[in-house]
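Encoded as structure tokens, the structure appears first; notes follow it.
The values are calculated or read from the model by the stated rules, or taken from the named source; none is laboratory data. Quick caveat, the model's predicted, so the values are computed rather than measured. Every residue, glycine among them, receives a Cβ derived from its backbone with ideal geometry; neighbour counts consider all protein chains shown.
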Amino acid sequence: MRRSRAFIPTTKEAPSDATLASHIYLSRAGFISQVASGLYSYMPMAKKVITKIENVINQEMANAGCEEVELSFVTPITLWEESGRSEKFGKELLRFHDRKDNMFVLGPTHEEMMVDLVRNRVTSYKQLPINLYQMKIKFRDEARPRFGIMRGREFLMKDGYSFHSSVEDLDREFDAMERAYKKILARLGLDFRVVEADSGAIGGSGSKELMVIAGSGEDTLAVCDSCEYGANIEIFLGASDEAQKDIIFTSVKDIKGDEICPNCDGKLSLTKGIEVGHIFKLGTTYSAPLKAHYLDENGKAQPFIMGTYGMGVSRIMAAIIEQNHDESGCIWTKESAPYSVNIIISNIKDEAQVKLAEELYENLKSLNVEVMLDDTKERFGFKMKDAELIGFPYSVIIGKELENGVVQIFDRKTKEITPINAQDIKTKILELL
Ligand code: ATP
Ligand code: MG
């Protein structure tokens, strides 16, 4: 892409209510634009990052034997009445009538819809297990939408649902989903923990959350220093109210400072995390009330045993920046970067600079490297600031030194600038990616 034609409206102004780095930088770097409270439009750079995240998820879901579907966003309230969740969800469910006076809700999650899709279609234990997922906009009329896309009202979720004929088979799938989710977050370059979570009002027999470690996280975690064990402190303290959680966080720090890990002899310490994923053993919580049955080996009708697996795709985009930013802006990880390389022409009046930049740009494009060419008339200093704010992992600076056959590579993470012989630049870039 040519920067001269790209729609990346970078700005010095952060939204007045922005306190989180991801909210500030995704806005300033021209990724997201607020439309109303909790509602955001994604501009081209955000769309590219989201697609990257989706690709990683799709690949790992395919590896794990899951199939993608897409369910209707508008869902009939009758399904929510069948499951009994219409009441429980309360005001987070946005309800409305169509012209014939039928009532619908905007899907905040799709357990009911998925059960409805599968019931009467999968009728025998021989057709099980199956695991279906979608990448889909969700709407929750959150009481306090905040932190930009971290807690939006409209947001993108990968939601998956598995159907089984035994608890053992659900356990197996649950573990496979945990492994797949870990792989996804590792590939995206995130530092994370899997923690035991509160199964909440929904019940069920097991629930784990995937937490990206970040000081700005809304959840408090007790994590072991020696093993992988971690738990959301909600499960120790039964605290669901947020103000309460903050008080607990401060007091637990003193009281429970040297708690011992239930899994090994290690020491537990407290940290903050962003919940980016939630996997949950549902059992028959939805299949029973929705009368979704299959015939078992003895020809007896049984409700499906189910699991549900959610991942906050748009929240992951924010979490990447919470974990990877500095005072100059975003620092995208390799797998998440909208473009891997940004070529900066220092002075577009210099023919030699333009020629080399154009050659390198075409060359890298032909090798399927995602490359931006900054061919604008802006000053060099402005271009560098812009590149730092947007957060391309690498920039190639083609400037004055080209007279001596030298260009430079700028590493966004370390901010180091390394001189390279102009004729070696392509090879060097390919090595780095
Ligand atoms: P939270 O405790 O943050 O409200 P939740 O328990 O309501 O999350 P789930 O219903 O399990 O979340 O949804 C699955 C995933 O969707 C979450 O792990 C999170 O990453 C993401 N998610 C949930 N609510 C939002 C939101 N308002 N904005 C962005 N992402 C969200
Ligand atoms: Mg919620």
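For region 41-82, the set of residues classified as polar (S, T, N, Q) and assigned to a strand (DSSP E or B) consists of 41, 75, listed by residue number.
Within region 27-48, identify whether any single residue is surrounded by 19 or more Cβ atoms within 10 Å (Cβ to Cβ), within 17 Å of the chain's Cα centre (by Cα) and closer than 30 Å to residue 172 by Cα, and answer yes or no. No, the conditions are met nowhere in region 27-48. Note on region 94-208: enclosed strands (runs of 3 or more DSSP E) holding 3 or more residues that are within 14 Å of ligand 1 (Cβ to nearest atom) and either more than 19 Å from the chain's Cα centre (by Cα) or in contact (Cβ under 8 Å) with a residue 60 or more places away in the chain (or both) are 130-139, 154-164, 192-196. Considering each residue of region 346-354 in turn, none proves to be crowded, with 24+ Cβ neighbours inside 10 Å and either over 30 Å from residue 401 (Cβ atoms) or assigned by TED's automatic domain parsing to the domain that holds residue 370 (or both). For first residues located in region 300-329 and in the same structural domain as residue 177 (by TED's automatic domain parsing), partners that are among the acidic types (Asp, Glu) and in a strand (DSSP E or B) and lie 6+ apart or on another chain with Cβ distances below 7 Å form the pairs 310/159. The condition of being at negative phi, in contact with a Ser or Thr (Cβ under 8 Å, 6 or more places away or on another chain) and either among the aliphatic types (A, V, I, L, M) or within 16 Å of ligand 1 (Cβ to nearest atom) (or both) holds for only one of 343, 331, that being 343. For region 185-199, the criterion of a residue being in the same structural domain as residue 310 (by TED's automatic domain parsing), over 25 Å from residue 235 (Cα atoms) and either within 16 Å of ligand 2 (Cβ to nearest atom) or aliphatic (A, V, I, L, M) (or both) is satisfied by at least one position.
Checking each residue in region 355-399 for being touching a Lys or Arg at 6+ places or on another chain (Cβ under 6 Å) and of a type in the set (Ser, Thr, Tyr) picks out only 376.
Before we move on, is residue 33 within 30 Å of residue 378 (Cβ to Cβ), in a strand (DSSP E or B) and more than 16 Å from ligand 2 (Cβ to nearest atom)? Yes: the conditions hold for residue 33.
Residue pairs whose Cβ atoms lie under 6 Å apart, sitting 6 or more positions apart in sequence or on different chains, and linking a residue in region 357-382 that is farther than 17 Å from residue 4 by Cβ to a partner that is assigned to a helix (DSSP H, G or I) and basic (Lys, Arg), are 363/426.
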